[in-house]
Amino acid sequence: MPQAFESLTPDLVLDALESVGLRGDGRMTALSSYENRVYQVRLEDNREVVAKFYRPGRWSDVQIQEEHAFAAELMTAEIPAIGPLVLQRRTLQHFGEFAFSVSPRRGGRPPELDDDEVLEWIGRFIARIHTIGAQSDFTHRPSLNLHTFGTDSMQWLLQHRMIPLDVQSRWAALCYQALDAVEQIAPALCAKQPAHGTAVHNIQLLRLHGDCHPGNILWTPADAPAATGPGPHFVDLDDARMGPAVQDLWMLLSGDRAQRTRQLSVLLDGYEQYRSFNRQELTLIEPLRTLRLIHYSAWLARRWGDPAFPVNFPWFGSSDYWQGQVQMLEEQLEAMQEEPLYV
């Protein structure tokens, strides 16, 4: 939605917090977030909270409430996810044209993913998230599949003529090839959401974090306050949806094949201390990477009317950008033909 946050001024943020009984003292810091707007606010009682204002038109109230309910389940199970506070008997608030929530502030630093102990620890907590996630389904939030991330994204980009003409035909041809390859290699990503407790092509779909990259994991040291505890804690469930368990693992892998294999092995050493992992899901890693590649371009294009996007992504939309996407699609077509990682 163009100019979605134009009216979200500092005064409006403070007025919104005051409407739920939280009085800011005027000190406020905008935190890094493109999809929504997120602010760290100091209150008059010296507490700090994080206020998240949802992008208008992206999620319905019931979809946001599913995210909040999932976070509450995780916290009840003593899994270190950061969920919204209950204020005036609800977690989802409204002020003016905006829906918002308020969470406690939790500090931390990026996890050191080259440390095997850190990777194993993260694996354990992802398994605990999935144990809760497998207990019921989302009914309103979309699933991660070929259609929602791949076909819909490709068609939107083509229909809105977002790709320069000198690149369009090559990109479109490769995109069709890539999606056909996903359909052949990963049929579990092509079906609609199954009934609870069933599997698609022997792969269970469950409630996921959905965007479990290193930036959404904060690490707290051993002397952290009791409210957080040492180790990883997980933030930003905004992309939570139904999908295969491996979605929350593959984005933590980097480097060459040998490095990624070792990292995956360590993650699964931790994961399988709490939950079994279906090795068939390893065939989904490159198809999932391919879908994310296409989806990311569509996400940037759909948000281009938001002034924050041209400022922070000035390289998007150029012929050079799309030539790079062509090259990455070619690489993904090759990667999907290779043997999957095996541990």
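The order of Cys190, Cys175, going from fewest to most other C-beta atoms within 10 Å of their C-beta, is Cys190, Cys175. Comparing Gln332, Gln65, Gln159 in a Gaussian network model of the chain (Cα springs below 10 Å), the most mobile by mean-square fluctuation is Gln159. Each part reduced to its alpha carbon centroid, segment 27-91 and segment 262-340 end up 26 Å apart. Beta bridges per DSSP, both residues in the chain: antiparallel share near 95 percent. Within 10 Å, at most 14 other Cβ atoms, and a DSSP state outside H, G, I, E, B define an exposed site. Report the longest part of the chain free of exposed GluC sites (Glu not before Pro). It runs 113-271.
Mean residue ellipticity at 222 nm, helices only, the chain: -12500 deg cm²/dmol; runs of at least 4 DSSP H residues each add -39,500 (n - 2.57), and the sum is divided by the number of residues.
Cβ crowding within 10 Å ranks Tyr296, Tyr342 as Tyr342, Tyr296, fewest other Cβ atoms first.
What number results when the radius of gyration of segment 116-337, computed over Cα atoms, is divided by 2.2 N^0.38 Å? Provide the component values of the computation, followed by the final result.
On the way: Rg = 18.4 Å, N = 222, 2.2 N^0.38 = 17.1 Å.
Relative to the 2.2 N^0.38 Å estimate, segment 116-337 comes out at 1.07.
In terms of surrounding Cβ atoms within a 10 Å radius of their Cβ, Val49, Val41, Val311, Val343 rank from fewest to most as Val311, Val343, Val49, Val41. For the chain, modelled as a GNM whose springs connect Cα atoms under 10 angstrom apart, the maximal fluctuation among Ser153, Ser33, Ser143 occurs at Ser33. The Cβ shell under 11 Å around Asp137 holds other residues with a net charge of +2, Lys and Arg each +1, Asp and Glu each -1. Available extension along the chain between Trp304 and Gln168 is 47.1 nm, counting 0.36 nm per residue and deducting the alpha carbon span. The trypsin sites (Lys or Arg not before Pro) of segment 54-125 that DSSP puts in a loop, and whose beta carbon has at most 15 other beta carbons within 10 Å, are Arg89, Arg105. Extent of segment 10-104 along its three principal axes (Cα atoms, max minus min coordinate, largest first): 34, 31, 27 Å.
FYI, it's all coordinate maths here, none of it is from the lab. Since we're looking at a predicted model, the values are computed, not measured. Here Cβ is always computed from backbone atoms with ideal geometry, including for glycine, and neighbour counts include all displayed protein chains.
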